[in-house]
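What follows is calculated from the coordinates using simple rules that are stated; it is not laboratory data. Since the model is a prediction, treat every value here as computed from it, not as a measurement. Here the Cβ is made from the backbone with ideal geometry for all residues, glycine too, and neighbour counts use every protein chain on show.
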Amino acid sequence: MTDEAFDPYHRACPSRRLLNEIGELWTVLVVGALAEGPLRFKDVAARVDGISFKMLTQTLRTLERDSLVTRTQYPEVPPRVEYELTATGRELVAPLRALEDWATSHMADILAARERFDADPA
C-alpha cells in the first residue's frame, strides 16, 4: 500500500489502530521519557509516575512491535536491558511534545470550563 492508500477516516484502515495506540496516555509519556535517550525499565517507570509495571511492559512491547522503540539486552550479570527510540520513534517526539505543551498550556482554561459546565444544571 502506498501512503495515499492509508486513510484513517475509513474504518478498515490500519492507521486507525496506530493512531489509537499513539494517542494513549502511556504511549505519549513513555515516548516523552525516552526522548532524552536510552533508559532502563526502572528508569522509565520512575520518570512516568503512576504507570504500573504491567502497563509499562505492554506499552514498551507495543512500541517495540511498531518499531518505535528498540530493546537492547546486554550480556551482563545482573542482566541489563535498555529501551531507546528508533529513528521513526524520534520523529514522533515533536508532534507528541506539541500535544503535551498544548495540554499543559491550556489546562487552567480547561479546568475552569469543566467547573462551569459541571455547575450548570442544564
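Brief remarks follow.
- Residue-by-residue Karplus 3J(HN,Hα) for the range 31-46, coefficients 6.51, -1.76, 1.60, Hz, glycine and proline x: 4, x, 5, 7, 4, 7, x, x, 9, 7, 3, 5, 6, 5, 4, 5
- 3J(HN,Hα) couplings calculated from phi for the range 104-110 with the Karplus curve 6.51 cos²θ - 1.76 cosθ + 1.60 (θ = phi - 60°) are, in sequence order, 6, 6, 9, 4, 4, 5, 5 Hz; Gly and Pro show x.
- Relative packing of 104-111, 73-80, which averages over residues the other C-beta atoms within 10 Å, highest first: 104-111, 73-80
- Estimated distance in nm for a label pair at Phe53 and Thr88, the labels positioned 7 Å out from Cα along Cα-to-Cβ: 3.0
- Chain lengthening between Glu76 and His106 when straightened (0.36 nm per residue, less Cα-Cα): 6.2 nm
- Integer Hz, Karplus 6.51/-1.76/1.60 couplings in order for the range 61-71, x for Gly and Pro: 5, 5, 5, 5, 4, 7, 6, 9, 9, 10, 10
- Extension gain for the segment Ala12 to Arg61, taken as residue separation times 0.36 nm less the Cα-Cα distance, is 15.3 nm to one decimal.
- Likely footprinting exposure, Arg71, Arg11, fewest C-beta neighbours within 10 Å first: Arg11, Arg71
- log10 of Debye I(q)/I(0), alpha-carbon scatterers only, for the range 3-119 at 0.12, 0.13, 0.20 Å⁻¹: -0.54, -0.62, -1.12
- Average Cα contact separation per residue, the chain, under 8 Å, 6 or more apart, as relative contact order %: 21
- The Kirkwood hydrodynamic radius of the range 76-122, based on inverse pair distances between different Cα atoms, is 14.4 Å.
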